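So the structure is just underneath, and the comments pick up after that.
The values are calculated or read from the model by the stated rules, or taken from the named source; none is laboratory data. What you see is a predicted model; the values in this text were computed from it and never measured. Every residue, glycine as well, gets a Cβ built from its backbone with ideal geometry; the counts of neighbours run over all protein chains shown. All accessible areas refer to the heavy atoms of the entire protein, side chains included, with ligands and DNA or RNA removed. Shrake-Rupley method; radii C 1.70, N 1.55, O 1.52, S 1.80 Å.
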2 protein chains.
Amino acid sequence: MKSLKPDQKLVELCVNTIKLLAIEGVQKANSGHPGMPMGMADVAFVLWSQFLKFNPQVPTWLNRDRFVLSAGHGSMLLYSMLALTGYDLTLDDLKNFRQWESKTPGHPEFKCAPGVETTTGPLGQGFATGVGMAIAEKMMQARFNTPEHAIFDHKIFAIVSDGDLMEGVAAEAASLAGHLDLGNLIYIYDDNHITIEGNTALSFSENVDQRFQAYGWHTTTINGHDHPAIAAALKESIAETNRPSLIIARTHIAHGSPNFQDKAASHGAALGQAEIELIKQKMNWPVTESFHVPAEVTQFFNSVKDERLTDYQTWQEHFRAWSQNHPNLAKLLAEMQNKTLPEDLEPALMGVIDESAQATRAQSGKVIQKIAELLPGFCGGSADLAPSNNTLIKNARSISKADFSGRNLHFGIREHAMGAVLNGLALYDGCLLPYGGTFLVFSDYMRAAIRLAALMEQQVVYVFTHDSIFLGEDGPTHQSVEHYAALQLIPNLTVIRPADGAETAAAWIYALKNQTGPTALILSRQKLPPIHHPNHFDVGKVAHGGFILADSDKPDLILVASGSEVHLAMAAKNILEKEGHKIRVVSMPSLKLFKQQTQAYQQSVIPTTNCQVVAIEAGVTDLWPSVIGADNLVIGVDRFGASAPAGVLAEKFGFTAQHIANRVLEWLK
Amino acid sequence: MKSLKPDQKLVELCVNTIKLLAIEGVQKANSGHPGMPMGMADVAFVLWSQFLKFNPQVPTWLNRDRFVLSAGHGSMLLYSMLALTGYDLTLDDLKNFRQWESKTPGHPEFKCAPGVETTTGPLGQGFATGVGMAIAEKMMQARFNTPEHAIFDHKIFAIVSDGDLMEGVAAEAASLAGHLDLGNLIYIYDDNHITIEGNTALSFSENVDQRFQAYGWHTTTINGHDHPAIAAALKESIAETNRPSLIIARTHIAHGSPNFQDKAASHGAALGQAEIELIKQKMNWPVTESFHVPAEVTQFFNSVKDERLTDYQTWQEHFRAWSQNHPNLAKLLAEMQNKTLPEDLEPALMGVIDESAQATRAQSGKVIQKIAELLPGFCGGSADLAPSNNTLIKNARSISKADFSGRNLHFGIREHAMGAVLNGLALYDGCLLPYGGTFLVFSDYMRAAIRLAALMEQQVVYVFTHDSIFLGEDGPTHQSVEHYAALQLIPNLTVIRPADGAETAAAWIYALKNQTGPTALILSRQKLPPIHHPNHFDVGKVAHGGFILADSDKPDLILVASGSEVHLAMAAKNILEKEGHKIRVVSMPSLKLFKQQTQAYQQSVIPTTNCQVVAIEAGVTDLWPSVIGADNLVIGVDRFGASAPAGVLAEKFGFTAQHIANRVLEWLK
């Protein structure tokens, strides 16, 4: 690309086009963020015109540079660049900014438009997700690059804002990126000194440069409107392959706007037609035309696109040669991309379950070993709780700065960054199937990232162990009572709480098949015996969400439970039958999946007539009425837990079989 | 305290006593974290014996130094120190570590034992909460200290761990602390190189010293087992009043344990009786005795306590003189501590409501102005969304490093730190009544801190604006669909979603009266007209959670809704009545409060017989069946939102009066 040398006039024309498209998009929608695109148009122009490796015809080209707009509110900047550089995004799409089902929603949404690599907007997420992408590339490099052929040798670029740098999730991810020497990461910081409340000096006076150096990053500070300086910084950062790079670009928000430059008012609202006219006058632009792209600009970006095609073609040649020389690698890569599941997945995973009483977290640990054997893209780790979460793949190395060939990630005590990094790993064109573990209670720390996985329909698996109050002595700070329920409320997140080893394996099987969204596994710290299934245990049962575990002829009472409480229900059944009741026990590992079944199936498991129902769960009771109605009984824990041995808690909270039976009998009266 | 000079032998005896009490407590519980207390016993000894300002007889002394054990898993260190220094915590309490209703739960819990300043355990929270305490002290200094009398001149100390420093919430808070020049903050970093997964080198290699310097902190690095070095660092940090201090203490986890020192295995499990015996032998300790405190140690800590009493007495004299010289200040302080509410609170707040159609966020903004007039401890801010959350107190200055006399806090784009800082402000002996705002969707970022406010029963108010999908164009990343429900699941958090200005004022009144837990207000971005109340609107109605808004004679259908959907319900009533139905409309600003009412009241509002019920809420539907049963209809949004103007979304998601009416009629068929 260094061959294209637009003259100053053309450069200005291009930059002004970018600025105007962005602010006119916002103006037409009468909603959006004009300041940031104007402030970062210079940077974006230099990045796209001189450096970014892309092919708009093949937006999923494996070796494209990834561009993440972490400052997602500046979406019109990204959309304008995509439209100008030949992506399947037209001027009409720009005019449809923020309209129903347009390709150009308010914040960039993955899958809405080609070239949008991840959904951003909630600050810090793009920053941390990009770190995941960079780890993913390093992992792919370690697996697939050969001395002759660098199949993966691109960069991950991002534009990040003050807000991104203030967010804790970005701090966590920055520390991890420095730790792992992610030299493929290049972030440009839009240092415009303005946030919504005013000047950044109101709340933000740290030395960003020094902070990132402390993390082990390479840093440069430039004038973000000086094209040669931008180009030099990018060049230097691209050359720096041992450390992630932060380019601190001092910019002016709403750059070029007579009345809004350097003003917080330019951040989140349309500038107004009058101001846009003033801007156009200043630019010598045809004032009456909207969404105007001068012919020279179109021509220039076409030439950029064409020129950049040579990168793609060269890579294609490499890829062909590599495929021929390394057919096994090529096959492996295709398998990873296709997420092919082996035909014997179910028996293979069911086969590793321990028949003795084991915690479901331990059973999950066994399943993880087998999945790792079967699925080459399977990788993951824990936020420093691997020994407790049972998340370590025993036959694989740990990922480190020196070696990305392993599969075990050590996220450190950084749950939120873990969540976002998992998103970045999953977004790496589906090659990897990542999982991450922590205690269920700490799902709170990463909830914003989980939500994005669900929104982006990414296959990520969460291994949340130490569920309910029965982790015991650690006390209420570590005991989830509301988290299992709270996770179920996130759309497109499947939550499964298995009751024993078989259900745990089945839950993992579900998670591996669920390729359009994340799955959260809710696992016990304490040992749970295997459930006896008079008839063969069918893996599909868990996918139904709920199923009959033990029955009576014409039951008059149904006990429904999940996880460890299923065993209590089974024991309570024995007591209640001695009192003359006919009991059915239903295992309900996933309320959400159960509610997705046909009405007929639901009725066959929990008939709403002629039967009373008791749900038992050592957690908040709020969700059960949606399945069993408000007139039935839910035995739960609608308060915080307490620090004591699990057995004592069971007594005190009424979670022994006898307590349950007594409570049910009393209720039946 | 510098007068007490224990000889080396006595010092060793004291430190060994601390170590052994801690690890024997863990051993007796057969659960807990012995490594950290052993590693930090030296630091704790020096801090308590030479520096910490405390009075165990008056643990709530206003000018005590606050000590926060951010590394809450090392709770036995804190409990041992409290027991030895004369707090109402006995050796029997230590023996009851982690037992039911003991004063010594697994992690330090506020209110369980005197001297525990905040609940810790979830990493990073203590760190950030301490920052809140330091801001609180600075605010109190600005209000109450006079040239002659420094009523508030203590420090906030904390012990923080690797985990604390890795957590994003701590990073956010550290940046804020540096920004505000919190010279009253002194944190000691237990730099033991060990986390649960192994050496910190697995995931953590940043330059902590440099990072904190970048934040504007004063830093020192010492050998954490060298008493003179510890003392010198504390002295230097106490003298540094312009910047927060971080003392990086290189320590050895399980210091003094022959087989566990420097081992991850010492972190989270009892060392075993055999190892404890080895440790005792090495210390020349009576091997057969447990929880042994040598007489000299008791005597020494008694002398520490007595000596430290002079600080307290001196302060008392100052306080008396100050009270006499400044009766108005003394009265103000007492009022703030007592959280006295003015008698005319209700009419005063109801009186400021705008009678025109206004967003409830705007109405809340008006109420905030009036509360600020009435309650001197009322203070707060937003995570950089003050103009959107309407959280600014107009007649008050902003808090800045130069001036803490204001009441407006600028948290920056740091929701999680905001949550924890609010906790620290609230924990400042109840003098302050803090609130914090952000968009409802970003409550996810701060959920872990909200949970702690609820667990600690702290009065904090959250101003969560831009609820539901009706914020419009910003799209699904910014549209809460599950957050209103998800917040309701947190025990002891009251969540209120008012429908108009009057309900908003009533919600604030509830929040001000609710002094044993946090309250979250869920407010609209869009304008909502005032609801016409044929009979006078009674503030108490909102406190009942739900109430009849409009009725018919013998209604056959009840429409229940909250927030903006109440207006839809009212409009749908008109349509449905034309179809011959008799409709009651119920406003339900708080499901949780409604469920706390008597069965009779609930039945009077929503009878479960002879009536069909439809709940309408532009969010997930999961919680409604707990109030209206599973057989009734919930019209909700069980998916992510979308980017489009609010009016378009209302059409597309079926949230117009006509759509609602049609849906109801179809369902009734």
Checklist line | Rg/Rh (Cα only; Kirkwood hydrodynamic radius) as it applies to the protein assembly as shown | finding: 0.96
Margin query: Could you tell me the relative contact order of the range A:610-657? Use alpha-carbon pairs under 8 Å, at least six residues apart, and round to a whole percent.
Written below: 34 percent
Notebook entry, point to check: Taking the Cα atoms only, what angle lies between the long axis of helix B:415-426 and the longest principal axis of chain B, rounded to 10 degrees?
Noted result: 70 degrees
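To the nearest 20 Debye, how big is the dipole of chain A about its Cα centre, given +1 on the beta carbon of each Lys and Arg and -1 on that of each Asp and Glu?
Numbers: 53 positive and 68 negative charges, 122 e Å.
The dipole magnitude comes to about 580 debye.
Would you work out if the range A:345-522 is rounded, prolate or oblate? Take a ≥ b ≥ c from the square roots of the eigenvalues of the alpha-carbon gyration tensor; rounded if a/c is under 1.5, else prolate when a/b is larger than b/c, oblate otherwise. Please report the intermediate quantities before stating the final value.
Details: a/c = 1.26, a/b = 1.07, b/c = 1.17.
Verdict is rounded for the range A:345-522.
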Notebook entry, point to check: Is any residue of the range A:352-379 close enough, with backbone N under 18 Å, to a label point placed 7 angstrom from the Cα of A:Asn338 along the Cα-Cβ axis, and if so, which?
Noted result: A:374-378
Checklist line | Shape box of chain B [Cα atoms, principal axes, largest first, Å] | finding: 91, 59, 45
Checklist line | Space enclosed by the convex hull of the alpha-carbon atoms of the range A:545-668, per residue, Å³ | finding: 99 Å³
Checklist line | Cα-projected label distance for B:Arg639 with B:Asp403, points at 7 Å along beta-carbon direction, nm | finding: 5.2 nm
Note to self: In 10 Å bins starting at zero, report the fraction of Cα pairs in the range A:8-312 per bin as a rounded %.
What the structure shows: 6, 30, 38, 21, 5, 0
Check: What dipole magnitude, in Debye to the nearest 20, does the range A:131-182 give about its Cα centre under +1 on Lys/Arg Cβ and -1 on Asp/Glu Cβ?
Finding: 220 debye
Next item on the list: Before anything else, pin down the relative contact order of chain A: Cα pairs under 8 Å, at least 6 apart, normalised by residue count, whole percent.
Entry: 11 percent
Check: Quick one: in chain B, whose Cβ comes closest to the B/A rotation axis, and how close in angstrom?
Finding: B:Gly168, 1
Notebook entry, point to check: How far is it, in nm, from the label point at A:Lys527 to the one at A:Lys235 when both lie 7 Å from their Cα along the line to the Cβ?
Noted result: 6.7 nm
Margin query: Along the charge dipole of chain A, pointing to its positive end and built from +1/-1 on Cβ of Lys, Arg, Asp and Glu, which listed residue (A:Phe152, A:Gly216, A:Asn192) has its Cα farthest out?
Written below: A:Phe152
Check: Once the Cβ-Cβ distance between B:Glu666 and B:Asn395 is put in as r, and R0 is 60 Å, what FRET efficiency do you end up with, to the nearest 0.05?
Finding: 0.70
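Give me the percent of accessible area attributable to carbon and sulfur for the protein assembly as shown, probe 1.4 angstrom.
On the way: 20420 of 41810 Å².
The C+S portion of the solvent-accessible surface of the protein assembly as shown is 49 percent.
With +1 on each Lys and Arg Cβ and -1 on each Asp and Glu Cβ, and nothing else charged, work out how big the dipole of the protein assembly as shown is about its Cα centre, in Debye to the nearest 20. Walk me through the numbers before you get to the answer.
Numbers: 106 positive and 136 negative charges, 91 e Å.
For the protein assembly as shown, the charge dipole is close to 440 debye.
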Check: Going by alpha carbons, how many degrees (0 to 90, nearest 10) lie between the helix axis of B:168-179 and the longest principal axis of chain B?
Finding: 80 degrees
Checklist line | Separation of the A:Asn574 and A:Gln603 label points, Cα + 7 Å toward Cβ, nm | finding: 3.5 nm
Item checked: Extreme residue, positive dipole direction of the range B:545-668, given options B:Ile548, B:Gly619, B:Leu568 (C-beta unit charges) -> B:Ile548
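Express the C-alpha Rg of the range A:473-543 as a ratio against the empirical globular expectation 2.2 N^0.38 Å, rounded to two decimals.
Computed over Cα atoms of the range A:473-543, the ratio equals 1.24.
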Item checked: Theoretical gain in end-to-end length, A:Thr146 to A:Glu373 [0.36 nm per residue, Cα-Cα removed] -> 79.4 nm
Margin query: Can you tell me the orientation of helix B:273-283 relative to chain B, as the angle in degrees between its alpha-carbon axis and the longest Cα principal axis, to the nearest 10?
Written below: 40 degrees
Next item on the list: Using a 10 Å Cβ count of at most 10 others and DSSP loop calls, identify the longest part of chain A lacking such GluC sites (Glu not before Pro).
Entry: A:356-669
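Nearest 100 Å² is fine: how much accessible area is buried between A and B, summed over both sides, with a 1.4 Å probe? Don't jump to the answer; show the numbers that get you there.
Details: alone 24970 and 24950 Å², together 41810 Å².
Looking at A and B, the buried total is near 8100 Å².
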Notebook entry, point to check: Can you pick out the pairs among B:Lys155/B:Lys366; B:Lys541/B:Lys578; A:Lys652/B:Lys282; A:Lys9/A:Lys235; A:Lys111/A:Lys595; A:Lys595/B:Lys103 whose Cα atoms lie more than 32 Å from each other?
Noted result: B:Lys155/B:Lys366; A:Lys652/B:Lys282; A:Lys595/B:Lys103
Notebook entry, point to check: Taking only protein heavy atoms and a 1.4 Å probe, what accessible area per residue, in Å², does the protein assembly as shown have with all protein chains in place?
Noted result: 31 Å²
Checklist line | the range A:8-312 - percent relative contact order, Cα under 8 Å, separation 6 or more | finding: 24 percent
Note to self: From the phi angles alone, apply the Karplus equation (6.51, -1.76, 1.60; θ = phi - 60°) to the range A:25-30 and give each ³J(HN,Hα) in whole Hz, x where the residue is Gly or Pro.
What the structure shows: x, 5, 5, 5, 6, 6
Notebook entry, point to check: Mind checking which aspartates and glutamates have their C-alpha under 14 Å from A:Lys5, skipping anything on the same chain fewer than 8 residues away?
Noted result: A:Glu296, A:Glu307
Item checked: Estimated FRET transfer efficiency when R0 is 25 angstrom, pair A:Glu457-A:Lys331 (beta carbons, to 0.05) -> 0.40
